[in-house]
Amino acid sequence: MTGPGQRLAEDRALRNAARAVHDANLAQVKADLAARGVGGRIVAKAKGDALELAGEALSVARESKGIIAGTLGALTLWFLRGHVTSLARRLFGQAGVQDATVNAPDEDPSEEQQA
């Protein structure tokens, strides 16, 4: 058995070994899925990713506190813009053109002298 028969026996042995490795891997995957289902794995992955993202956001927030405070202040002012403008009008009075009768003198002194 030195010719094609030998080669066929070696190929079958390699195939059987590869099949045994594949079957062992498949059995491991089935056992893992039986222990924790796909839904549980998705939830665990989502939780892990969310915690990692929150940690990264906290580290960025620690490095740029001024930018975050300014942004929050600007957003607060924008949301409360109606209240802020009404408060400013009450405090400083409404800026506008005054009534013409308030600024105009009652009589022109030059007209009195001519009469």
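Coordinate-derived values only; no laboratory data. Just so it is clear, the model here is predicted, and its values are computed rather than measured. Counting neighbours? That spans all protein chains shown, and the Cβs are built from the backbone with ideal geometry, glycine included.
Laid out as a table, the results:
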read-out	value
Rounded FRET efficiency, nearest 0.05, which uses the C-beta distance separating E56 from H83 and R0 of 41 Å	0.70
Difference of contour (0.36 nm per residue) and Cα-Cα distance, V21 to T76	13.6 nm
Distribution of pairwise C-alpha distances over region 12-91, 5 Å bins, in %	3, 11, 8, 9, 9, 8, 8, 8, 7, 6, 5, 4, 4, 3, 3, 2, 1, 1, 0
Qualifying lysines (Cα of each under 30 Å from Cα of K30; at least 8 residues distant if same chain)	K45, K47
